[in-house]
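> Mind looking over this structure? Questions follow.
The values are calculated or read from the model by the stated rules, or taken from the named source; none is laboratory data. None of the values given here were measured: they were computed from a predicted structure. Note that each Cβ is placed from the backbone with ideal geometry, even for glycine, and that neighbours are counted across all protein chains shown.
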Protein chains: 2
Amino acid sequence: MTRLYNFCAGPAALPEAVLRRAQQDLPDWQGRGLSVMEMSHRSDDFVAIAEQAERDLRQLMGIPENYKVLFMQGGASSQFAMVPLNLGGRTGSANYVYTGIWGKKALAEGQRYLPAHIAASSEGNGLTRVPSQSEIQLSDDALYLHYTSNETIGGLQFHAVPQSPVPLVCDMSSDILSAPLDVSRFGIIYAGAQKNIGPAGLTLVIIRDDLLDQAKPETPTMMNYRVCADNQSMYNTPPTFAWYLAGLVFDWLKNEIGGLEQMAIINQRKASKLYRAIDTNAFYSNPIDPEHRSLMNVPFRLADDRLDKDFLKESEAAGLLNLAGHRSVGGMRASLYNAVPEAAVDALVDFMQDFATRRG
Amino acid sequence: MTRLYNFCAGPAALPEAVLRRAQQDLPDWQGRGLSVMEMSHRSDDFVAIAEQAERDLRQLMGIPENYKVLFMQGGASSQFAMVPLNLGGRTGSANYVYTGIWGKKALAEGQRYLPAHIAASSEGNGLTRVPSQSEIQLSDDALYLHYTSNETIGGLQFHAVPQSPVPLVCDMSSDILSAPLDVSRFGIIYAGAQKNIGPAGLTLVIIRDDLLDQAKPETPTMMNYRVCADNQSMYNTPPTFAWYLAGLVFDWLKNEIGGLEQMAIINQRKASKLYRAIDTNAFYSNPIDPEHRSLMNVPFRLADDRLDKDFLKESEAAGLLNLAGHRSVGGMRASLYNAVPEAAVDALVDFMQDFATRRG
């Protein structure tokens, strides 16, 4: 058994310690004679697992008391509909910041339920910078302002939280838990689990209490935040095993990493090493303005794209997995989520230098 | 490590062989250096896993070519909205057969999107029989007829598929794969995974092709069957690990059990043993008409309900887990899904006889 280095953009690497613990517990959780997957979600054991996960998350992120944490399903793509459905019960428009493919998808779905307004866009700069505060222009009737804190495909990230007089809604799927955050600046934070939280099939929603009661009447019951909150995310059977694994990840962040400040230091160091390797070798390039580069997803190109296939083949043979760029843009991409160890980045940087020397 | 007998109604027991295989593969699937959870859903390896699961399911159930198999999220409760949203694009009403709590919930959500008509109800007989064919009266403008093939709480099951001139929609969450089925009789079959398919967080939808294009315009993209079908259930990141585990369950059914005919024989034998134990001992009772009793969920009562707590405590001490009835009805319930071995039923029957002798 050998674990290789996995730079996949998602579903992404999980901490090895988490997988080991899950493996050990799999057929018999703590001597109870059954797997976590086989427990009633309403059993004392599972409720304790679920509550511990929420407590750990609240502590890690410093989530204020007046916010609910929801464990939902359907990924960020379902949130693209849930946000306008849940906040669209009053008259007004939905405001979106567009910085890449995911923000565009959120906008497209939002437009199906509300009049939508593009409050700021990075299209003019070729998606290489996120808008500055002064570039964000809300409509007069804005119900909320939505943005994507990190664009996984473009490799563009907000390093400061925008100011907003209306509830700020953030798709934080790809950089949640990567650094400390002031949750009180947000109305809603949502995130698909499969990057920094756990396995695919779980979606986290952190929502300020006053936003729970503004749903449009046609909102499906299972998409209604109020229903989910009032039932402790168990209106129906939740994805119990994914919830448990998320709990193991929160525990790992808390007790093995030492919290989000420590995590941020490690993430900063990992990304710096890789960007330095790109910037100091003419064979590699990344188009994003250095101030707006993503610490989570680092897209890069080779000077000669005819070598892309060889790069991917040789890197895989060297135990560096999933470095292909997104199918819509090509090139390379290394995702450096929390669970990707610094040693993986060191190995990648060594490989890149070697490859450029041999083939560049 | 001891595996105990688990009679939970859901999330329910999984085959031990499936858990062992998942455990072995957990940190390193087939020498690839990573877990199935950490693979891109678009990777060759995961696509092969996903396609194999669908092939095995199609073979097991004999699913005709003109049906799509969708791997979705959100459980049956999400389908309660998806069915009227996806079939409600034309004028007409939704017809429901009411035989218990789950059918009632489906009806309540359906009414939010379409005029609804109760085509038949078991309320008159105290939910102890399912309606006969002649009792089912469709409305003139029926778009579809919905029923729940097995009521997990009441313990009431259809043992024949109703005839319907309009598309038949079935919530088969708790008895799918328990016996052979003529899929061509149905318009849509859906099932939450956590009883006979795999872990919670995956929902299976089997839908006839002509029903893919009748959605109401407000249907959320992620709830649209056509979108899901056109994207091979990967419009966004699917619950990959749950899908993989479902594939292991299908493989187990095919290769270890020998298919659904064999499974049905075993299930029939398990249920017969338990109902016989109930019917031949005055200390136990089950209120359902014998012809309509569920083979999957067997609710029963003790002659003296002051002994319920002792029964539960002692059965748990004997390694028989999760025998409490649903919180809405009390009493006892033993769920005998596919993965519950016959030896579990034998042990339960022995315990029941012993308990009745000692305490009855």
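> Suppose we keep only residues that are over 17 Å from A:Met37 (Cα atoms) and facing chain A (nearest Cβ under 7 Å) within segment B:1-34. Which one would you say is surrounded by the most Cβ atoms within 10 Å (Cβ to Cβ)?
B:Leu34
> Here's something else I'd like to know. Considering every residue within segment A:218-237, establish whether at least one is surrounded by fewer than 18 Cβ atoms within 10 Å (Cβ to Cβ), within 30 Å of B:Ser173 (Cα to Cα) and in contact with a His (Cβ under 9 Å, 6 or more places away or on another chain).
The answer is yes; a qualifying residue exists.
> Quick one: B:Asp45 ticks every box in (1) at pLDDT below 95; (2) more than 10 Å from chain A (Cβ to nearest Cβ) bar one, so which box is it?
(1)
> On to the next question. Is there any pair linking a residue in segment A:18-43 that is on the phi > 0 side of the Ramachandran plot to one that is polar (S, T, N, Q), with Cβ under 6 Å and at least six apart or on different chains, and which?
Listed pairs, sorted by first residue: A:Gly33/B:Thr2.
To keep it simple, each residue is scored yes or no on (1) within 25 Å of A:Ile101 (Cβ to Cβ); (2) touching a Ser or Thr at 6+ places or on another chain (Cβ under 7 Å); (3) in the same structural domain as A:Gly75 (by TED's automatic domain parsing).
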position: A:Asn281; (1), (2), (3): no, no, no
position: A:Ser285; (1), (2), (3): yes, no, no
position: A:Leu295; (1), (2), (3): yes, yes, no
position: A:Gly325; (1), (2), (3): yes, no, no
position: A:Pro341; (1), (2), (3): no, no, no
position: A:Ala344; (1), (2), (3): no, no, no
position: A:Asp354; (1), (2), (3): no, no, no
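> From the list A:Leu248, A:Leu295, exactly one residue is surrounded by 13 or more Cβ atoms within 10 Å (Cβ to Cβ), in a helix (DSSP H, G or I) and at pLDDT 95 or above. Which is it?
Only one candidate qualifies: A:Leu248.
> Let me ask you something else. Filtering segment B:183-203 down to residues that are more than 14 Å from chain A (Cβ to nearest Cβ) and touching a residue at least 24 places away in the same chain (Cβ under 8 Å), which residue is nearest to B:Gln262 (Cα to Cα)?
Residues of segment B:183-203 that are more than 14 Å from chain A (Cβ to nearest Cβ), as a first pass: B:183-189.
Subsequent filtering for residues that are touching a residue at least 24 places away in the same chain (Cβ under 8 Å) retains B:183-188.
Values: B:Val183: 18, B:Ser184: 21, B:Arg185: 22, B:Phe186: 23, B:Gly187: 26, B:Ile188: 25 Å.
Only one residue fits best here, namely B:Val183.
> Across segment B:266-322, what is the number of residues that are over 21 Å from the mean Cα position of the chain (by Cα) and on the phi > 0 side of the Ramachandran plot?
The number of residues fulfilling the criteria is 1.
> From (1) surrounded by fewer than 24 Cβ atoms within 10 Å (Cβ to Cβ); (2) more than 14 Å from chain A (Cβ to nearest Cβ), pick out the condition that doesn't hold for B:Ile153.
Checking B:Ile153 against (1) surrounded by fewer than 24 Cβ atoms within 10 Å (Cβ to Cβ); (2) more than 14 Å from chain A (Cβ to nearest Cβ), the one that fails is (2).
> Separate question: Scan segment B:236-263 for residues that are under 17 Å from B:Leu26 (Cβ atoms), more than 10 Å from chain A (Cβ to nearest Cβ) and among the aliphatic types (A, V, I, L, M) and report the count.
Adding up the residues that qualify gives 3.
> Residue check: is A:Ala53 buried (at least 20 other Cβ atoms within 10 Å of the Cβ), part of a helix (DSSP H, G or I), touching a helix residue (DSSP H, G or I) at 6+ places or on another chain (Cβ under 6 Å) and in contact (Cβ under 8 Å) with a residue 60 or more places away in the chain? Please lay out each step first, then the result.
Numbers: buried (at least 20 other Cβ atoms within 10 Å of the Cβ): yes; part of a helix (DSSP H, G or I): yes; touching a helix residue (DSSP H, G or I) at 6+ places or on another chain (Cβ under 6 Å): yes; in contact (Cβ under 8 Å) with a residue 60 or more places away in the chain: yes.
Taking the combined requirement at face value, the residue satisfies it.
> Also, I was wondering about something else. Looking at (1) within 20 Å of the chain's Cα centre (by Cα); (2) at pLDDT below 95, which is the one condition that is false for B:Gly330?
Of everything listed in (1) within 20 Å of the chain's Cα centre (by Cα); (2) at pLDDT below 95, B:Gly330 misses just condition (1).
> What's the number of the condition B:Glu109 fails, among (1) within 11 Å of chain A (Cβ to nearest Cβ); (2) at pLDDT 95 or above; (3) crowded, with 19+ Cβ neighbours inside 10 Å; (4) not in a helix (DSSP H, G or I)?
With (1) within 11 Å of chain A (Cβ to nearest Cβ); (2) at pLDDT 95 or above; (3) crowded, with 19+ Cβ neighbours inside 10 Å; (4) not in a helix (DSSP H, G or I) applied to B:Glu109, the lone miss is (4).
> Can you find a residue in segment B:12-23 that is over 16 Å from B:Ala246 (Cβ atoms), modelled with pLDDT of 95 or more, part of a loop (DSSP other than H, G, I, E, B) and among the polar types (S, T, N, Q)?
The answer is no; no qualifying residue exists.
> Then there is this: Taking segment A:308-324 as the search range and keeping residues that are in contact with a Gly (Cβ under 8 Å, 6 or more places away or on another chain) and in contact (Cβ under 8 Å) with a residue 40 or more places away in the chain, which one is surrounded by the fewest Cβ atoms within 10 Å (Cβ to Cβ)?
This residue is A:Gly319.
> Looking at the structure I just gave you, is B:Asn66 surrounded by fewer than 17 Cβ atoms within 10 Å (Cβ to Cβ) and farther than 30 Å from A:Gly325 by Cβ?
So B:Asn66 passes the test.
> Can you say whether A:Thr91 is in contact with a strand residue (DSSP E or B) (Cβ under 6 Å, 6 or more places away or on another chain), polar (S, T, N, Q), more than 14 Å from chain B (Cβ to nearest Cβ) and over 30 Å from A:Asn255 (Cα atoms), as far as the supplied structure shows?
no
> Let me ask you something else. So, B:Gln73, is that one polar (S, T, N, Q) and out of contact with any Leu (no Cβ under 8 Å at 6 or more places or on another chain) or not?
no
> Going residue by residue through segment B:280-297, is there one that turns out to be among the acidic types (Asp, Glu) and closer than 27 Å to B:Leu127 by Cα?
yes
> Read through the list (1) over 23 Å from the mean Cα position of the chain (by Cα); (2) within 14 Å of chain A (Cβ to nearest Cβ); (3) not in a helix (DSSP H, G or I), then give the number of the only condition that B:Ser233 fails.
Going through the list (1) over 23 Å from the mean Cα position of the chain (by Cα); (2) within 14 Å of chain A (Cβ to nearest Cβ); (3) not in a helix (DSSP H, G or I), B:Ser233 breaks only (1).
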